[in-house]
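Just so you know, all these numbers are worked out from the coordinates, no wet-lab data involved. Since the model is a prediction, treat every value here as computed from it, not as a measurement. Note that we place each Cβ from the backbone using ideal geometry, even for glycine, and neighbour counts take in every protein chain shown.
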Amino acid sequence: MSLLKEPPPGVTVDVDQAHTKLTEWVVHMEGASGTLYEGEKFQLQFKFSPKYPFDSPEVIFVGEHIPIHPHIYSNGHICLSILTEDWSPALSVQAICLSIISMLSSCKEKKRPPDNSYYVKTCSANPKKTKWWYHDDTV
Amino acid sequence: MDSDEEDYLYACDSGNESSGDDVDVGLDFDSGDESERSGNKYSSSRDTNTNTEDYPYEVLSTEDITRHMIECIKEVNSVVNIPVTTTRILLNHFKWDKEKLMERFYDGDQDKLFLEAHVVSPFKTTNKPQKVAVKTSNGMEECNICFLSMPSALMTGIECGHRFCTDCWTEYLTTKIIDEGMGQTISCAAHNCPILVDDHTVMRLIVDPKVKLKYQHLITKSFVECNRLLRWCPYPDCNYAIKVQYPDPRPVMCKCRNVFCFNCGENWHDPVRCHLLRRWIKKCDDDSETSNWIAANTKECPKCKVTIEKDGGCNHMVCKNQSCKADFCWVCLGPWEPHGSSWYSCNRYDEDEAKQARDAQEKSRAALQRYLFYCNRYMNHMQSLKFEHKLYASVKEKMEEMQQHNMSWIEVQFLKKAVDILCECRQTLMFTYVFAYYLRKNNQSVIFEDNQKDVESATETLSEYLERDITQENLADIKQKVQDKYRYCDQRRRKLLEHVHEGYEKDWWEYSEP
């Protein structure tokens, strides 16, 4: 699909991984140049349910390096409204990647969410089970 | 739009019924009610409560609700010339308040109104933008959800112009309806598009009758829930709703015979008012058995008031609260130091500190005791009321027995009447304890408690009579007794309620905030 043909800058799909299991993708991502995350490398894991695209995919950061960002928890969970209630079946993996890159790029100060330690201790493994409260769209 | 089309939403209803589909759960009622359903006006004069004559209401079945909803839409549409589907969304946006809608429609900025209600203004029909679809040369379009190329005939969309293939639309709507329980508030499938999908489109795209039915239920549900003149009967599995002319805390009786308060939906709770009852119910949910156990088995740390359970060991207590760590004696709650090694002769009862600690403890125990006092009585009546059907059964048996003893059918009806009154008294008494719990003592509250005592003791006597075996010898005697007693009960119950109501009017009642 278009993600393979014309990916946003710094984004590649781990094709071998996706071939072994079509419902679980890993996307490699690089911090955009000119931002706080320039040169950093991250991995995003996508899990698709049988109801995809009518049900949103489960998206978290995995691997050693989880970006430090006010909307990203240290366990990789991302507070982003299009991943739950604002999801639309017309969105794609590419659109999600783009949203996340732009979320990283507009960040002005690297820090964890204020409730990080509490959330990470108490949350479910699946971020979609969290009742997210989207209150800040400046970053 | 012509009037035929206004019924399309429910057009499939009849289809379901005739095919004997088992998904129509809306009408599981005694066949005895069947005849009453056609004439749905239910006047409150049939109600057993005396103070409802001036509060007219109707009981609506699911069909009546639908009809009422369509009437509301028609009424607005007779004034405002916009498509019915748009009217429905607008009405839903204003919580079915017709006046508010009209006001905004004629006084305010109409474009802003349509924007707020998430509909495309019907007056701007000039150019429908084709934002999403990519038209290819041979009359094919690509669906942006499944990325398949489809002939244009299989692509569809609403006023916002986002087009997807019908299969994707159907799947999308089904997910929203079944998994997310959304009705009137489903928006276009495109990302960030707030435009709501109208009911006509939903009914056109959904094929599965189960999904259609669920959608209708959701719409009816939200219609009743956001309409301040309607309330569902809270009785389990009851599908009727009550329609009033103005909302008020008044008793209404559903066709299922459940009597409830229109304002709060709880069982009819005279004399206590809705807000106190709500507080009471919350308190009962929070406390009850837990507090009971706490009262019996724990003490509070005299310093930090944390609750402590002593599960063994000596009386030298060291509070485990890390910011407190108080040393004290379990027996007298005084500080530990003066006890030294001779705690067992704990003879320091009149020490000030220990006394204060015990006083504070006493106070909280007293508050708890007070709560438990009222709670027990409240629960007791509630429990007795739950056995009401048993009592009706046993009374029915007795009535048959008496008819065999040369009494006519009409002569034995007093027994049923007695049980009716007994239940009414219990219901009233139950809520008097909630009222009394929050009531601050004054002269009027003493009168109230006297009234309460009177009804309480008369009710218990009546209850005893009804439980007692009725033999041939005491038949005439007991009939007289029962009749006298239930008349007395009924009269005293009414007096008690009148007194409380008078108090509301004259501002006698002061509440404490325990």
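One table, with the values for the structure above:
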{"quantity": "Cβ charges +1 (Lys, Arg) and -1 (Asp, Glu), total dipole of the range A:2-129, debye", "calculated": "300 debye"}
{"quantity": "Label-point gap, in nm, between B:Glu388 and B:Met140 - each point 7 angstrom along Cα→Cβ", "calculated": "6.9 nm"}
{"quantity": "Virtual paramagnetic centre 7 Å along Cα→Cβ of B:Glu71, amide N under 15 Å, in the range B:218-236", "calculated": "B:224, B:229-231"}
{"quantity": "For the range A:2-129: relative contact order, % (alpha-carbon pairs under 8 angstrom, 6 or more apart)", "calculated": "23 percent"}
{"quantity": "Taking B:Arg279, B:Arg250 and counting other C-beta atoms within 10 Å, the order from fewest to most", "calculated": "B:Arg279, B:Arg250"}
{"quantity": "Total formal charge among the other residues, if their Cβ is under 9 angstrom from that of A:Gly31, Lys/Arg +1 and Asp/Glu -1", "calculated": "-2"}
{"quantity": "Shape metrics for the range A:2-129, restricted to C-alpha atoms - Rg then Dmax, Å", "calculated": "14.1, 41"}
{"quantity": "Pair A:Asp14, B:Gln413: separation of 7 Å Cα→Cβ label points (nm)", "calculated": "8.2 nm"}
{"quantity": "Cα centre as origin, Lys/Arg/Asp/Glu Cβ charges: the range B:355-514 dipole, Debye", "calculated": "540 debye"}
{"quantity": "Under 12 Å, Cβ to Cβ, from B:Leu113 - net charge with Lys/Arg +1 and Asp/Glu -1", "calculated": "-2"}
{"quantity": "Stretchable slack from B:Glu505 to B:Lys453, in nm (0.36 nm times residue separation minus alpha-carbon distance)", "calculated": "16.4 nm"}
{"quantity": "Förster radius 22 Å - calculated FRET efficiency between B:Ser152 and A:Tyr52, Cβ distance, rounded to 0.05", "calculated": "0.25"}
{"quantity": "Value of D in µm² per second that Stokes-Einstein yields for the range B:387-514, Kirkwood Rh from Cα pairs, at 4 °C (1.567 mPa s)", "calculated": "81 µm²/s"}
{"quantity": "Out-of-range pairs (alpha-carbon distance over 24 Å; input A:Lys129/B:Lys282; A:Lys21/B:Lys176; B:Lys221/B:Lys386; A:Lys51/B:Lys214; B:Lys255/B:Lys416; B:Lys176/B:Lys212)", "calculated": "A:Lys129/B:Lys282; A:Lys21/B:Lys176; B:Lys221/B:Lys386"}
